[in-house]
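Note sheet for the following structure.
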Amino acid sequence: MAKNLLIVESPAKAKTIEKILGEDFEVKSCYGHIRDLAKGDMGIDVANKYKPTYIVPEDKEKVVKELKSIAKKSGEVWLATDEDREGEAISWHLCEVLGLDPKKTKRIVFHEITKPAIQKAVLSPRTVDMNLVNAQQARRILDRIVGFELSPVLWRKMSMGSNLSAGRVQSVAVRIIAEREREINAFTAVSTFRIEALFTANDISGKPVTFSAEGKKHANVEGAETFLKSCINAVYKVADIQVKPAKKSAAAPFTTSTLQQEASRKLGYSVSRTMLLAQRLYESGKITYMRTDSVALSETAMEDAKNQITSQYGKKYHSPRQYKNKNENAQEAHEAIRPTYMENNTVEDSDGKRLYELIWKRTMASQMADAELEKTTAKIQISTNKDELTATGEVLKFDGFLKVYREDRDEEDMEDEHEEGMLPPLTVNQQLPLKEMLATERFSRPLPRYTEASLVKKLEELGIGRPSTYAPTISTILKRGYVEKRDKEGVKREFRILKLKNNAISKETDSENTGAEKSKLFPSDLGLVVTDFLKLYFDDIMDYGFTARIEEEFDEVAAGKIQWNVMIDDFYLPFKKDVDNTIENAERASGERDLGIDPITGKKVIARMGRYGPMVQIGDSSNEEEKPKFAKLKTGQSIETINLEEAMELFKLPRNLGQFEEKDITVNIGRFGPYIAHDGKFYSLGKEFDPYTINLEEATPILVEKRTAKEQRTIKVFEKEKIQLLRGPYGPYIKQGLRNFKLNKDQQERVADLAIDEVKAIIEELKANPPKKVPRRKKT
DNA sequence: CAGTGAGCGAGCTTCCGCTTGACTT
């Protein structure tokens, strides 16, 4: 008898399941979606109830062909795609493509790849749920409409039109970054004075130790000083001691989002690096599936963890628990991310090692007992004053899960927190000798800028995007230039300290670095202008609650309560009106901002977006006699924050530094950054040089060095044909215009002797038969 | 590759979500 064919989404899963199911089944994977909307005309017939046109994308033709041929030879086809909206749709598309009847074809689901789960699933097959499929179609079609209607509006209305895009997810992601930036710009720090008293008391062994107690904060320096003065000659006594037990619980096992956050905080990984490493661990069978929003562990995994915990740490450390998702949007087609075998507490793979160990520890901790603490709060009376001081201490009584793992927190949630130390044993009425008392000025801080991972966290909270799209979404907004990932240097800020010691008050100032950021997401001017534009004309799409609201409607489609095309119609009609209105009435947006008057010419100076990015401009373009002067903004500068003085500075380029070999050397900033121009040739200037201050003496050696490097790289030039033979890191190659052509080994060895005819032949050959298909890559 | 910055408008771009590889100038 012919084997049955079971189709899953992931090839790694297919392998495992085939082993579990044995002889009767051949298990194949379809690699995710196998069909998508056609590109032309949105792939949707709006006039015909939004009838979609589906095609098999080029890169899926091979797998579809293979599945077709296997299906023909097989007994029965079983569909085992993921149990969520997308998975259901994939099953339906498979029916369509393989010519199966969705009403009769067996559809099974499981949340975990374990023998009992899969065997159980096989015993109770169902059929494709068309309501759920329709919910997916609605989701897909709405996203296509939003993306393909909105993007062209930007092409027409933004001064930097081409290569822009907008979408339900990416545009809101940019908005989040943009709004945080503006909050930070609008923020003014206020300072308060924190009172900290240092006392001495004996610890258990009788050794004197210092501990600190906090007083009420004071709004200004006068208040702080008055308070310190009032404490002169005071006597300090313990008035009250409270001891309370406290508990800390472990965090839930990893989902995609929490894994990305912890890997970012603890290991400094970007979201895409985390996913790349996790993918490798998954493919080598080390961890479960890495794109998931579920915190659930399978029975077998819990049992596995239990054995590890009890054998390594003892029974006392084990406390089984099943976690539930807080997130309503979770579709939970998979388990949480966990090691496949808990007995492996590490892996060989040197790149994935740290990530694996993080996953292992988190999974272990999630099944471990709470940590038990004892929190002590002591109130300290001041004899001369109504105010009290408070000393707090924390003692860990039982470490529990903290033995293996502690979750890091975001900067955002850490405001004003500090690690609690231990307190020496104190008794009520005990008199405490004051070592010193400080009133330290502390400034309030704006919220920090987002990291990739904290943006993912925010998106997840808003229900925007899915585990499989967090990393690609970040790539998209970076690629479009809406957002930049970079560091920011802090600025020095002075703060005041008043000190009461030996009954005398002294004042001093100290300084701290503030506002420094590392690897954070900053909106570009383009991102700000596009966000403002979209908010003005498409406030509903840009609303943080938009996705959550339409998700409710998708749920109604899935429940069979409404027709998917009725739902789409309700959305599309008003949306299309907005699109038409915007195209007709909206002004081109450039984010123009007045900076003031040029002191020399008396003309207006403005900052705005130009065709090639943010710039400053002196004079009006409506003035036909004299063209305005333009200058590009430097990286790190923004239309929103640049001032007149900084703008005038930018007009100092290009600078003529003087002569070398009887030709002028000039510096300027071009399309690819700062450069030196000399004798009709260009040499880019490294980051360590500032084009505004570099002088002839500094520029000349750079020029000479770069010139020789360029000469050495060049093996031969065929002037007339505009073909060059160059030496690159992968050996000699041919360059014709912008295109490069690879030489084979033999040709590389004879590169110096290659004649023009042979070079031309190689180019023709390679043009006719490209070595292998390279995924279409954009010119950069 | 090292300009440009207005408008006209050939012909192009674009979405989100599901899955892996292939590739370097």
**Item:** Cross-link partners of A:LYS652 among lysines (Cα-Cα below 18 Å; sequence separation of 8 or more within a chain)
**Value:** A:LYS603, A:LYS604, A:LYS627, A:LYS629, A:LYS632, A:LYS634
**Asked** Given Cα pairs under 8 Å that are at least 6 residues apart, what percent is the relative contact order of the range A:485-623?
**Response** 15
**Prompt:** Where the convex hull is taken over the Cα atoms of the range A:257-329, what is its projected area averaged over directions, in nm²?
**Reply:** 6.3
**Asked** How do A:LYS397, A:LYS687 rank when sorted from fewest to most other Cβ atoms within 10 Å of their own Cβ?
**Response** A:LYS687, A:LYS397
**Fill in**
Here the net charge surrounding A:ILE642, from other residues whose Cβ is less than 13 Å away from its Cβ (Lys, Arg +1; Asp, Glu -1), is -3
**Prompt:** Which cross-chain or sequence-distant (5 or more) residues have an amide H under 5 Å from the amide H of A:ILE34, H modelled 1.01 Å from N in plane?
**Reply:** none
**Complete:** The local net charge around A:LYS316, scoring Lys/Arg +1 and Asp/Glu -1 for residues other than A:LYS316 whose Cβ lies under 12 Å from its Cβ, equals -1
**Request:** Label the range A:317-372 by shape, choosing from rounded, prolate and oblate, from the square roots a ≥ b ≥ c of the eigenvalues of the Cα gyration tensor; if a/c is under 1.5 it is rounded, and otherwise prolate applies when a/b is larger than b/c, oblate when it is not.
**Result:** oblate
**Message:** For a 23 Å ceiling on Cα separation, which of these pairs sit above it: A:LYS518/A:LYS706; A:LYS247/A:LYS324; A:LYS13/A:LYS60?
**Reply:** A:LYS518/A:LYS706
**Complete:** Once both label points are put 7 Å beyond Cα along the C-beta direction, the A:SER475-A:ASP101 separation in nm becomes 4.2
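Using the structure shown, select from A:LYS19/A:LYS51; A:LYS72/A:LYS286; A:LYS65/A:LYS104 the pairs with a Cα to Cα distance greater than 29 angstrom. Don't skip to the answer; put the middle values down first.
Working: A:LYS19/A:LYS51 41 Å; A:LYS72/A:LYS286 34 Å; A:LYS65/A:LYS104 22 Å.
As for pairs spanning more than 29 Å Cα to Cα, those are A:LYS19/A:LYS51; A:LYS72/A:LYS286.
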**Request:** Could you tell me what percent of the DSSP beta bridges with both partners in chain A are antiparallel, to the nearest 5?
**Result:** 90
**Asked** So what's the net charge close to A:TYR269: Lys and Arg +1, Asp and Glu -1, counting the other residues with Cβ under 12 Å from its Cβ?
**Response** +1
**Request:** Can you put A:THR210, A:THR256, A:THR114 in order of Cβ neighbours within 10 angstrom, beginning with the fewest?
**Result:** A:THR210, A:THR114, A:THR256
**Complete:** So the FRET efficiency between A:PHE689 and A:THR210, C-beta based with R0 = 41 Å and rounded to 0.05, is 0.25
**Prompt:** Setting aside same-chain residues fewer than 8 positions from A:LYS507, which lysines have a Cα under 17 Å from its Cα?
**Reply:** A:LYS229, A:LYS435, A:LYS499
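What is the fewest-to-most order of A:LEU6, A:LEU653 by other Cβ atoms lying within 10 Å of their Cβ? Mind dumping the intermediate values first?
Details: A:LEU6 25, A:LEU653 16.
Least to most surrounded, the residues fall as A:LEU653, A:LEU6.
Rounded to the nearest 500 deg cm²/dmol, what is the calculated helix-only ellipticity per residue at 222 nm for chain A, with -39500 (n - 2.57) per DSSP H run of length n ≥ 4?
Rounded to the nearest 500, it is -11000 deg cm²/dmol.
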**Prompt:** Taking a threshold of 18 Å on the Cα-Cα distance, which of the pairs A:LYS28/A:LYS68; A:LYS735/A:LYS760; A:LYS3/A:LYS28; A:LYS15/A:LYS103; A:LYS326/A:LYS457 fall above it?
**Reply:** A:LYS15/A:LYS103
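We did not get these values from a lab; they are worked out from the coordinates using the rules stated. Nothing here was measured: the structure is a model prediction, and the numbers come from that model. Note that each Cβ is placed from the backbone with ideal geometry, even for glycine, and that neighbours are counted across all protein chains shown.
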